[in-house]
Amino acid sequence: MNGELRIRSARLDDVGQLLALMRALAEFEGYITDFKVSESELRRRCFVNQDFHVLVAEVGEELVGMLVYYTQPFTYDLAPWFVIKELFVRESSRGHGAGRKLMKEAALRCVEEGGSRLRWEVLVDNPAAKKFYSSLGAQADTQWQTWQLSRSRLVNFANAKDC
């Protein structure tokens, strides 16, 4: 990586590069065929509705990484949780601290906003991610499992006549 690495909030003029990073993540995680995000939807949901927030890692004019998060309103402890939806650094930029700096900025924002927890999911078959997160002091939650209804099962359940 040539140049200084900076972490900042995403701006409206980043949408094209952000979308490229999101597509690269979809390819890496194997769901590119289901990827439906467009520039207009990204603009609307991130910058108009503010459904989520994006931090970017930038070198020069190029975005080399992103961290997408949203806040979950307070639960039992009256403090919000920050939930990381996506953390991605281009393969060519890995190993230079971008992921660590993105996570640190998310942690700082969580603390500044009175948050009590930073949460995220990790693919079961991604040992590199697990090692990275462990190096930050994070640990897997052994008390809770993530459950879901996929789209087809969600539709089936929602339309079931037995409830």
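The values are calculated or read from the model by the stated rules, or taken from the named source; none is laboratory data. What you see is a predicted model, and the numbers here were worked out from it, not measured in a lab. Cβ sites come from the backbone with ideal geometry, for glycine too, and all protein chains shown count toward neighbours.
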When (1) farther than 24 Å from TYR133 by Cα; (2) of a type in the set (S, T, N, Q); (3) modelled with pLDDT of 95 or more are applied to ASN2, the one that fails is (3)
Residue that is surrounded by 10 or more Cβ atoms within 10 Å (Cβ to Cβ), in contact with a strand residue (DSSP E or B) (Cβ under 8 Å, 6 or more places away or on another chain) and not in a loop (DSSP other than H, G, I, E, B), where the choices are ARG119, ARG100 = ARG119
If we keep just the residues of the range 71-97 that are among the acidic types (Asp, Glu) and not in a helix (DSSP H, G or I), which is farthest from the chain's Cα centre (by Cα)?
-> ASP77
Would you please name the residue that is farthest from GLU86 (Cα to Cα), looking only at residues in the range 151-163 that are at pLDDT 90 or above and not in a helix (DSSP H, G or I)?
-> LYS161
For the range 136-147, which residues satisfy the criterion of being touching a residue at least 24 places away in the same chain (Cβ under 8 Å) and either surrounded by 10 or more Cβ atoms within 10 Å (Cβ to Cβ) or not in a loop (DSSP other than H, G, I, E, B) (or both)?
-> LEU136
Condition check for ALA128: among the aliphatic types (A, V, I, L, M) and more than 16 Å from HIS53 (Cβ to Cβ) | yes
